[in-house]
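Below you'll find the structure, written out as structure tokens, and then a few comments.
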């Protein structure tokens, strides 16, 4: 035990180059692939594995989209749990803390608490009618925050009671590590789900833009790359960065154009309590109705058209693609820095040739938050059903006064006719 | 950071936790430099050092309590400012500990980035609070209206800028250190800034929701210490050897009693029980209202068990006093866990106190470690049991919806009110 503390001390004070490597993950390529590619040289073999796995992931993605919103939610949840697991495992390896009392249970317990809190807040809004019918659920919803807080507190007290004499610092490090990981993975995944409920297009276009930027930046870098972009990731180049930016914007435009035509992608996801299924049917909002835009004189000469028919959403896709290309890579640099800091090659070895799930999702990290903030700031106001739910739990006098205020507002704006029959 | 320098430090400390060296690191400041004002030093120069310490602590305790009363008297605006200052000082103390632990004073950019993140998160929270409570003021002034409409987007953009600066500032040999400090900053923000904003929310609910919880925690501290001093025998937890079960239980009962008495006294005054509101005409805070049910005396039947003890059949109490029992219970039973957490933290990083701001007591964090969980509990308690959502906030959200959505909600609300008989008939109102 003394050894552990000493090593920890040394870890803190040494500069990066002194720190020993974390043992590299084992090779988990499936046997089939290994046999099929046994003839090729190692470099080409790696390229083929990456390529096949990329195609496999993209196909899997399309399949899940086809299966619908509920499967997508489950997928997002599984990815979140796996990312969390990967990052926590890295923490264990860095600090050699597998033997810490309670700690693995506590990490999973906190994950459960935070997920319970978020699912209760967001998902419950969408299932309002389903919930209204069942008494026990009503109780859980009404006191949701209190129950979540109590659960979290229990975990906190267990942590304090589990502090062991020689391992205080280690335990505090793991506690902080857990919380930062929760902050990163769980909040992002819930924002992704909220975007999804807004309409599948708000889920698909951002994620595809990031993936497209990854791939096109790599391709442009491969063929034209000359000027390095940042010391942190020596393989990235300015040519790749700029080429990726323009390709992603064009891709976003075209992809949005196709998706905006189908109600399945464009409508907010709603839960139909009669059929007990998710439905995506609605009158498409203004964003998804074709409009004529005048082409600015500058581009008229280039394109040869005077007006163009576009969906307003495509203008928004421009903002999303720009973010994916310019700021998204910073998420990637952050993850690269993290891997260098802790001397790991990949987050894990889940996907052969690609590394762990976190490796694939590091650029998505900031995108989900951006899309959510973008939607709430520029697209829609607050959620009407949530507002209604809150109105219904006010005190009767408050409800009456709110009713009067609303009525006078609506009459003033001419939305409500001030007839005697109300 | 030169490699030889870190090598030297390495030789200096291979102590495990059990060897209690009070100093950490070759170059960190000695945490217990004597900060006592000269006046006190001279006045107490004759006493022995143990009594001197006791007197210094006692005098400073009285000074802090008096100060607390003065700022309550000065009103909500001053209280908000004080909470803000305490928050900044706590943040500074914890970040400084991080610097000392990791010897990272020379890291490029890092001090600037920490303060920048503090600014961003505060901007986000204050913006949300200001938008909620100062709604009419905000709507009147054009620049404020725009800032409030796109508030989340602006806050996010500010945070992103900080994040990108962090990524760009990563330097080859110091990646791990920089990530540690980044993590340290974020956890500190999570602890310090969110708590302070919850305190301000509680304050706006009514000063009594601010004063009673904080006083209960302070009372529990003092009472547990006194009971422990006079009757203490069985140790409570290995982490804090000075705490005893006798102190814990005695502190619990005294705090509940104290809470009941304090609530009784405070519930009689409007300035404590009314929500703080901003008056647009006078441009100042007002605390004037019709006291809610919670603060009106009611007759309660005493359970038969206690009737023989107390000798009364019914008692007149404020409903708030029942809630104060919940608050005091939390302060006595769970609040100490915040203290244990801080003790564990100090042992883990081998520091005696968080800082030496208050003579005899240590840093601001030392005084506020038990308050940490209390603010969150009070906020969750209020939101769950006392009041529902804020009606004016709901109206404000309603006004930003589309007309068809507004109509739909209006009609549903109307149907609900008619259903419950609150709205007498369709022609009424």
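The values are calculated or read from the model by the stated rules, or taken from the named source; none is laboratory data. As the structure is a prediction and not an experimental result, all values here were calculated from the model. Please note: Cβ atoms are built from the backbone with ideal geometry, for glycine as well, and neighbour counts cover all protein chains shown.
With respect to residue A:186, is the statement that it is in contact (Cβ under 8 Å) with a residue 12 or more places away in the chain, under 12 Å from residue A:111 (Cβ atoms) and within 16 Å of the chain's Cα centre (by Cα) true? Yes, satisfied. Taking the criterion of being over 19 Å from residue A:168 (Cβ atoms) and modelled with pLDDT under 80, the only residue of the range A:89-120 that qualifies is A:93. Among the numbered conditions (1) in contact (Cβ under 8 Å) with a residue 24 or more places away in the chain; (2) in contact with a strand residue (DSSP E or B) (Cβ under 6 Å, 6 or more places away or on another chain); (3) over 30 Å from residue B:132 (Cα atoms), the only one that residue B:276 does not meet is (3). Looking across the range A:376-394, the residues that are modelled with pLDDT under 80 and at the interface with another protein chain (Cβ under 7 Å from one of its Cβ atoms) come down to A:381, A:382, A:384, A:387, A:388, A:390, A:391, A:392, A:393, A:394. Residues considered: A:175, A:146. Of these, the only one that is buried (at least 21 other Cβ atoms within 10 Å of the Cβ) and at the interface with chain B (Cβ under 10 Å from one of its Cβ atoms) is A:175. Here residue A:227 meets each of (1) more than 11 Å from chain B (Cβ to nearest Cβ); (2) closer than 28 Å to residue A:122 by Cα with one exception, condition (2). When residue A:352 is tested against (1) modelled with pLDDT under 85; (2) within 7 Å of chain B (Cβ to nearest Cβ); (3) touching a helix residue (DSSP H, G or I) at 6+ places or on another chain (Cβ under 9 Å), just one condition goes unmet, and that condition is (2). Checking A:190, A:167 one by one, the residue that is more than 25 Å from residue B:374 (Cα to Cα), assigned to a helix (DSSP H, G or I) and within 11 Å of another protein chain (Cβ to nearest Cβ) is A:167 and no other. When you go through (1) in contact (Cβ under 8 Å) with a residue 12 or more places away in the chain; (2) surrounded by fewer than 20 Cβ atoms within 10 Å (Cβ to Cβ); (3) closer than 29 Å to residue A:305 by Cβ one by one for residue A:264, which number turns out not to apply? Condition not satisfied by residue A:264: (3).
In this entry, residue B:340 passes the filter for residues that are over 17 Å from residue B:380 (Cα atoms), surrounded by 19 or more Cβ atoms within 10 Å (Cβ to Cβ) and in contact with a strand residue (DSSP E or B) (Cβ under 9 Å, 6 or more places away or on another chain).
Going by what's in this entry, would residue A:159 be described as buried (at least 18 other Cβ atoms within 10 Å of the Cβ), more than 7 Å from chain B (Cβ to nearest Cβ), closer than 15 Å to residue B:239 by Cα and in contact with a helix residue (DSSP H, G or I) (Cβ under 7 Å, 6 or more places away or on another chain)? Yes: the conditions hold for residue A:159. Looking across the range A:355-375 at every residue that is at pLDDT below 80 and within 14 Å of chain B (Cβ to nearest Cβ), the one that is surrounded by the most Cβ atoms within 10 Å (Cβ to Cβ) is identified as A:362.
If you check B:158, B:203, B:170, B:177 for being in contact with a helix residue (DSSP H, G or I) (Cβ under 7 Å, 6 or more places away or on another chain) and not in a helix (DSSP H, G or I), only one passes: B:170.
Selection over the range B:210-219 of residues that are within 29 Å of residue A:179 (Cα to Cα), surrounded by fewer than 21 Cβ atoms within 10 Å (Cβ to Cβ) and touching a helix residue (DSSP H, G or I) at 6+ places or on another chain (Cβ under 7 Å) gives a count of 1.
Residue-wise test of (1) surrounded by fewer than 19 Cβ atoms within 10 Å (Cβ to Cβ); (2) more than 13 Å from the chain's Cα centre (by Cα); (3) at the interface with another protein chain (Cβ under 9 Å from one of its Cβ atoms).
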position: B:166; (1), (2), (3): no, yes, yes
position: B:174; (1), (2), (3): no, yes, yes
position: B:177; (1), (2), (3): no, yes, yes
position: B:186; (1), (2), (3): yes, yes, yes
position: B:190; (1), (2), (3): yes, no, yes
position: B:197; (1), (2), (3): no, no, no
position: B:204; (1), (2), (3): no, yes, no
position: B:208; (1), (2), (3): no, yes, no
